[in-house]
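Engineer: The structure's right below; bear with me while I get my questions together.
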Amino acid sequence: MARRSKFSREVRERAVALVFEQVGQYGSQWEAICSIAAKVGVSSETLRKWVRQAEVDAGSRPGPTSEESAELKKLRREVAELRRANEILQAASAFFARELDPRLPRS
């Protein structure tokens, strides 16, 4: 089940852009994040995470990009679905093999 953010993508992008624009007016990036977070109405930690992910997406910080994370999530979901289908097919195969074996009594 997908987790929905209560903040739109536009709000997140604008808050992150404000941090990047105004970081020079503060003593540190954290001070800028705290100030802007209060103005936008998000927690400082939430805005810090948004900023870090934006830095990763821009290539200025190591880590998986948003696109890579989404692709990985999609592939994991697909693998889980295929494993479930494989288990069902194996169980069906075993059932029909027993039913068709003339040496075994039928259930």
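Engineer: Can you give the percent of C-alpha pairs in the range 1-63 whose distance is more than 13 Å?
Structural biologist: That tail contains 61 percent of the Cα-Cα pairs.
Engineer: What do you get for Rg/Rh of the range 31-85 when both radii come from the Cα atoms and Rh is the Kirkwood radius?
Structural biologist: Rounded to two decimals, Rg over Rh is 1.22.
Engineer: Sticking with this one: Any idea what the dipole of the chain comes to, in debye rounded to 20, about its Cα centre with Lys/Arg Cβ at +1 and Asp/Glu Cβ at -1?
Structural biologist: The calculation lands at about 460 debye.
Engineer: Additional query: What are the DSSP H helices in the chain that stretch 15 Å or more along their long axis, judged by alpha-carbon atoms, and whose average Kyte-Doolittle hydropathy comes to at least 0.0?
Structural biologist: Values: long enough: 9-22 (20 Å, -0.34); 29-40 (16 Å, 0.71); 44-58 (21 Å, -0.90); 66-100 (51 Å, -0.52).
For the chain, where a helix must reach 15 Å along its axis and average at least 0.0, the hits are 29-40.
Engineer: If a/c stays under 1.5 just call it rounded; otherwise compare a/b with b/c (prolate if a/b is bigger, oblate if not). Do that for the range 66-107, with a ≥ b ≥ c from the square roots of the Cα gyration tensor eigenvalues.
Structural biologist: prolate
Engineer: In whole Å, what is the distance between the alpha-carbon centres of the range 1-43 and the range 67-89?
Structural biologist: 33
Engineer: Let me check the size of the chain from its C-alpha atoms; what are the radius of gyration and Dmax in Å?
Structural biologist: So, for the chain, Rg and Dmax equal 25.3, 84 Å respectively.
Engineer: Can you compute the charge dipole magnitude of the range 1-63 about its Cα centre, using +1 on each Lys and Arg Cβ and -1 on each Asp and Glu Cβ, nothing else charged? Give it in debye, rounded to the nearest 20.
Structural biologist: So the dipole magnitude of the range 1-63 works out to roughly 340 debye.
Engineer: Would you calculate, for the chain, the mean residue ellipticity at 222 nm contributed by helices, counting each DSSP H stretch of 4 or more residues as -39,500 (n - 2.57) and dividing by all residues, to the nearest 500?
Structural biologist: -24500 deg cm²/dmol
Taken together, the values in this text are just the output of simple stated rules run on the coordinates, not laboratory data. Treat the numbers as computed from the prediction; the structure is a model and nothing was measured. Note: ideal-geometry Cβ built from the backbone for every residue, glycine included; neighbour counts use all protein chains shown.
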